[in-house]
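Any read-out appearing in this document is the output of simple, stated calculations on the displayed coordinates, not a laboratory observation. As the structure is a prediction and not an experimental result, all values here were calculated from the model. Methodologically, a virtual Cβ is constructed for each residue, glycine included, from the backbone with ideal geometry; neighbour enumeration extends over all protein chains shown.
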Amino acid sequence: MPTKTVAYRTTICLIWGLALWHTWESRGLFVDGSAFLVQIARRGWFFDFYGPRLYAMVLGQMPVITGVFLGVTDLHLLARLLSLGLFALPTALYHLALARAKDDAVLLATVIAAIAVVFMTTSFFIVGEYNTAYAIAILVAVRLATASDLTVLDGLFLAVIGVLGMRTYEAMLYLGPLLAAMIAWRVWRAPARPWLPMLLHGLSAVGFMIGMGVAIRSLARPYSVEHLDETIETASNFWQNLQFDLVLSAAIVVVLWALIRPRDLLRGRPYWWASIGLLLLALCPLLVLGDTLVRPLAKSQYVARSAAGLVIAAMVVFIWAYASNLRLKLPAFTALADGRAAARFMAFALLMLFATLPSDIYLTRNWTYYLDTMRAAVRSQPGVIAFEDSPLARHPFDLLVEAWILPSQSLALRGKQGDGIIAPPKDFKRWQPFPPADPYPLGQFVWRE
């Protein structure tokens with residue numbers, strides 16, 4: 001069994017290694033990210049178009065805006081800087097959660113499980129601010145669960161995170177009051193309540209409640225009614241994300257087993273059964289050898305984001321229960337108090353994380369191939385290029401195509417101003433940022449090798 005130190009350091013190295021690799025491969029350009037890059041180059045400023053998610057947007061775009069201010073006109077480098085900001089923000093938050101939980105095997109396992117079940121299976125759409133919102137929830141819960149006293153340092157930290165949570169994502173509709181309630185519980189349970197730490201904790205709770213209010217207003221008066229309707233409609237399609245299904249199923253097997261037969265956590269039986277799902281997860285990239293959509297799909301990660309938020313909320317409740325008096329009353333927590341059971345629990349969480357790697361590697365390599373192919377197509381001829389005549393219309397590139405973003409992706413990948421723009425499919429009638437025949441003038445901004 002790995003020690004807590006080994007599990008902690010392995011996870012830290014893995015998530016930062018992946019963040020740097022995904023940055024190098026410009027994975028932040030997936031779907032909306034390309035539009036973000038084009039708008040930033042066009043404006044020379046943040047693309048801060050949506051108030052309810054403003055703070056996460058601004059923080060994620062800091063590296064690319066810094067590059068623009070320093071005079072960088074290479075869209076390839078700027079794409080990497082945009083990707084760096086988008087990946088570094090949630091990765092840093094999970095890193096802080098891991099650092100806080102590293103001395104408790106159960107809490108450490110829970111944070112690793114959150115990364116495996118949610119972040120690794122829904123973050124291909126890294127431009128989505130939900131990645132930051134979910135990391136915030138886990139970090140705050142772990143911070144509160146490991147605090148024995150109210151301190152100024154904890155209070156300052158939580159107050160800053162509370163401000164960030166005010167405008168991060170619509171999931172604060174339920175995560176906001178949940179975290180605020182956990183903060184109130186921690187203040188109530190504290191052996192002493194110095195006025196300054198208590199005030200800072202209160203400000204943090206107020207921040208999360210404001211985040212709930214912002215989320216309510218964003219849903220009542222959405223930026224796009226059509227987009228909101230589509231989001232609600234696709235929320236139930238989370239099952240289309242094979243990676244999410246398999247790793248979540250494995251986690252559910254262990255949780256249900258722990259509730260029914262908690263003493264079995266001292267043995268390997270529940271983990272052996274749950275590992276069947278992890279084995280299938282590790283092998284699922286082989287499904288691309290067949291002509292079927294049952295395979296790892298980048299776009300399916302987006303539709304699982306709503307269900308992933310409920311998983312994060314359940315993990316916050318688990319952390320809260322573990323830190324409360326229920327820890328002494330629930331048989332599952334009593335079993336996990338045994339060092340051997342806690343070590344198995346942590347080892348299984350680490351195994352879940354490793355099982356997600358093959359799919360992530362496959363999807364990232366596929367994305368790189370897609371960008372290379374699109375760049376070659378854009379530079380092969382000037383003017384508007386019909387989607388049907390481009391290699392993107394062929395399998396497997398079609399699995400990464402989002403019709404409305406094709407002109408923006410083309411514009412970002414042009415090596416000179418006269419290169420081509422790939423138009424959406426002929427039957428596409430919905431909104432797009434600009435007509436393919438009249439792209440935004442980006443001046444000196446071009447993609448350099």
Seminar exercise, completed: Label model pair MET1, ILE361: point-to-point distance (7 angstrom along the Cα→beta-carbon line) in nm is 2.8
Exercise. How far apart, in nm, are the 7 Å Cα→Cβ label points at TRP273 and GLN381?
Worked result: 5.9
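Where nothing but the Cβ of Lys and Arg (+1) and of Asp and Glu (-1) is charged, how large is the charge dipole of the chain around its Cα centre, in debye to the nearest 20?
Values: 37 positive and 28 negative charges, 245 e Å.
Its charge dipole is roughly 1180 debye.
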For this session: Using a 10 Å cut-off on Cβ atoms, rank the peptides 118-125, 187-194, 349-356, 331-338 from the highest mean neighbour count down.
Result: 118-125, 349-356, 331-338, 187-194
For this session: Give, rounded to the nearest 20 debye, the magnitude of the charge dipole that the stretch 35-130 has about its Cα centre when Lys and Arg contribute +1 at Cβ and Asp and Glu contribute -1 at Cβ.
Result: 180
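Which of the trypsin sites (Lys or Arg not before Pro) found in the stretch 322-392 are in a DSSP loop and have at most 10 neighbouring Cβ atoms, other than their own, within 10 Å?
Working: sites: ARG327, LYS329, ARG340, ARG344, ARG365, ARG375, ARG379; in loops: LYS329, ARG379.
Answer by residue number: LYS329.
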For this session: Rounded to the nearest 10 degrees, what's the angle between the helix 172-189 long axis and the longest principal axis of the chain, both from Cα atoms, 0 to 90?
Result: 30
Problem set entry | Within the stretch 98-115, backbone nitrogen closer than 15 Å to the virtual label 7 Å beyond the Cα of ALA337 toward Cβ | 106
Problem set entry | For the stretch 338-390 versus the stretch 125-164, the gap between their alpha-carbon centres in whole angstrom | 28
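Just to verify a number: FRET efficiency for ASP264 and VAL160, C-beta to C-beta distance, R0 = 56 Å, to 0.05? Mind dumping the intermediate values first?
Values: r = 42 Å, r/R0 = 0.74.
With R0 = 56 Å, the Cβ-Cβ based efficiency is 0.85.
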Seminar exercise, completed: Here, TRP239 and PHE49, labelled 7 Å along Cα→Cβ, have an inter-label distance in nm of 3.4
Exercise. Amide H to amide H, which residues 5 or more places from ILE422 or on other chains are under 5 Å from it, using H placed in the peptide plane?
Worked result: ILE385, SER410
Exercise. Using modelled backbone amide H atoms (1.01 Å from N, in-plane), which distant-in-sequence or interchain residues come within less than 5 Å of VAL446's amide H?
Worked result: LEU75
For this session: Take each of the peptides 143-152, 51-60, average the number of other beta-carbon atoms within 10 Å over its residues, and list them starting from the highest.
Result: 51-60, 143-152
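What FRET efficiency comes out for LYS416 versus SER249 if R0 is 41 angstrom and r is the Cβ-Cβ distance? Round to the nearest 0.05.
Details: r = 49 Å, r/R0 = 1.20.
Efficiency computed from Cβ-Cβ geometry: 0.25.
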Problem set entry | Calculated from backbone phi, Karplus (6.51, -1.76, 1.60) coupling profile of the stretch 147-158 in Hz, x at Gly/Pro | 8, 8, 10, 7, 10, 5, 4, 4, x, 4, 4, 5
Problem set entry | 17 Å Cα-Cα reach of LYS426 towards lysines, excluding residues that sit fewer than 8 places from it in its own chain | none
Problem set entry | Reachable aspartates and glutamates, given that their alpha-carbon falls under 17 Å from the alpha-carbon of LYS329 and they are not under 8 places away in the same chain | ASP338
Problem set entry | Efficiency of FRET from Cβ geometry, TRP24 and LEU70, R₀ 22 Å, rounded to 0.05 | 0.65
Exercise. What relative contact order, as a whole-number percentage, does the chain give when Cα pairs under 8 Å and 6 or more residues apart are counted?
Worked result: 20
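Treat the count of other C-beta atoms within 10 Å as a stand-in for reagent exposure and order TYR130, TYR223 from fewest to most. Mind showing how you got there, number by number?
Working: TYR130 24, TYR223 12.
Sorted ascending by nearby Cβ count, the order is TYR223, TYR130.
In debye, nearest 20: dipole of the stretch 194-322 around its Cα centre with unit charges on the Cβ of K, R (+) and D, E (-)?
On the way: 9 positive and 7 negative charges, 104 e Å.
The dipole of the stretch 194-322 has a size of about 500 debye.
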Problem set entry | Solution diffusion estimate, µm²/s, Stokes-Einstein, the stretch 290-391, Kirkwood Rh from C-alpha pairs, 37 °C, viscosity 0.692 mPa s | 179
Exercise. What angle do you read, to the nearest 10 degrees and between 0 and 90, between the alpha-carbon axis of helix 242-260 and the longest principal axis of the chain?
Worked result: 10
For this session: Have a look at ALA308, LEU406, ILE319 and report the one farthest towards the positive end of the charge dipole of the stretch 284-425, computed about the Cα centre with Cβ charges (Lys/Arg +1, Asp/Glu -1).
Result: ILE319
Exercise. What ranking do LEU70, LEU265 get, fewest neighbouring Cβ atoms within 10 angstrom at the top?
Worked result: LEU70, LEU265
Exercise. What ranking of LYS102, LYS416 emerges when the number of other C-beta atoms within 10 Å of each C-beta is taken as an exposure proxy, fewest first?
Worked result: LYS416, LYS102
